[in-house]
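The values are calculated or read from the model by the stated rules, or taken from the named source; none is laboratory data. As the structure is a computational prediction, the values presented were derived from the model and not from experiment. Glycine also receives a Cβ, built like all others from the backbone with ideal geometry; neighbour counts cover every protein chain displayed.
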Amino acid sequence: MIIELTTDGAAVVAADDCTRLHVATGLAPDEVDAALRRSGIGSLDAGGRAVLDLDVLHDRAAAAATTRDWGERWQAMVDYARAEGWVSADDRFVRAHVESTAPATRR
């Protein structure tokens with residue numbers, strides 16, 4: 001599952017792939033937190049990881065999902081994240097890494 005983040009918002013793509021979770025963005029690092037907050041899906045933690053609201057993520061991903069067993073896949077992903085310590089103690093948030101899609105600059 002990939003969250004594509006732009007200044008216009010956050011879109012869940014590859015919703016059926018519950019074997020991975022990250023935020024993909026071409027935004028500058030200092031713009032990512034504001035874009036996540038504006039989109040209502042989360043924020044950045046002090047380490048630069050996305051902290052995603054599980055309820056919001058679930059609703060957006062479920063709307064984009066196409067497989068019949070998506071609910072089971074979703075639950076397996078959340079259970080794995082919880083076992084790895086990536087889900088908050090209150091089960092409201094999950095941490096995910098942020099991958100830059102911005103083209104590399106030449107020096």
Going through (1) modelled with pLDDT of 95 or more; (2) surrounded by fewer than 18 Cβ atoms within 10 Å (Cβ to Cβ) one by one, Ala14 fails only at (1)
The helices (runs of 4 or more DSSP H) lying entirely within segment 1-103 that contain at least 3 residues which are of a type in the set (Phe, Trp, Tyr) and touching a Gly at 6+ places or on another chain (Cβ under 7 Å) are none
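The rows are residues; the columns are (1) aliphatic (A, V, I, L, M); (2) touching a Ser or Thr at 6+ places or on another chain (Cβ under 6 Å).
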position: Ile3; (1), (2): yes, no
position: Asp8; (1), (2): no, no
position: Val13; (1), (2): yes, no
position: Asp16; (1), (2): no, yes
position: Val23; (1), (2): yes, no
position: Gly48; (1), (2): no, no
position: Leu52; (1), (2): yes, no
Expected single match for in contact (Cβ under 8 Å) with a residue 40 or more places away in the chain, of a type in the set (Val, Ile, Thr) and buried (at least 16 other Cβ atoms within 10 Å of the Cβ) among Val32, Val78, Val87 is Val32
Conditions (1) loosely packed, with under 12 Cβ neighbours inside 10 Å; (2) farther than 23 Å from Thr25 by Cβ; (3) not hydroxyl-bearing (Ser, Thr, Tyr) -> Gly48 fails only (2)
Among residues of segment 1-38 being of a type in the set (Ser, Thr, Tyr) and within 24 Å of Tyr80 (Cβ to Cβ), the residue nearest to the chain's Cα centre (by Cα) is Thr25
Restricting attention to segment 17-29, the residues that are crowded, with 16+ Cβ neighbours inside 10 Å and β-branched (Val, Ile, Thr) number exactly 2
